[in-house]
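Read through the structure below, which is laid out as structure tokens, and then see the notes.
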Amino acid sequence: MVVLRREIGDVLRGARQGQGRTLREVSSAARVSLGYLSEVERGQKEASSELLSSICSALNIPLAVVLREVSDRVAIAEGVAIPDTIPPDFVYQVGRDRDEDLAAV
């Protein structure tokens, strides 16, 4: 059985680690306790939409991209084929904007 909070946590952790950032850095930027963010990443706590939005902002990743990745993971686990509807240039632009923002820091 797919547990949505675990998939969300895995995607958030992957994004954070992919940026080479610590829990402390992201929790501070998101204004959430380090312990709570850790529990969200481990799938032990359900994050509210407001908290998810704050974490995504801290990671400089659109919430829609996180939710899409979670949706794709759930579809794979359920054996459902979902056509890709996000234009490749949008995905490219989101990644490029994030890289430019990180370079400015």
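Bear in mind these aren't lab numbers, they're just calculated from the coordinates by the rules spelled out. Bear in mind that the values here come from a model prediction, so they are computed numbers and not experimental data. As a convention, Cβ positions derive from the backbone with ideal geometry for all residues, glycine included, and neighbour counts pool all protein chains shown.
Taking label points 7 Å from Cα along the Cα-to-Cβ direction, A29 and S53 give a separation of 1.9 nm. Each of E39 and I76 was given a label point 7 Å from its Cα along the Cα-to-Cβ line. The distance between the two points is 2.8 nm.
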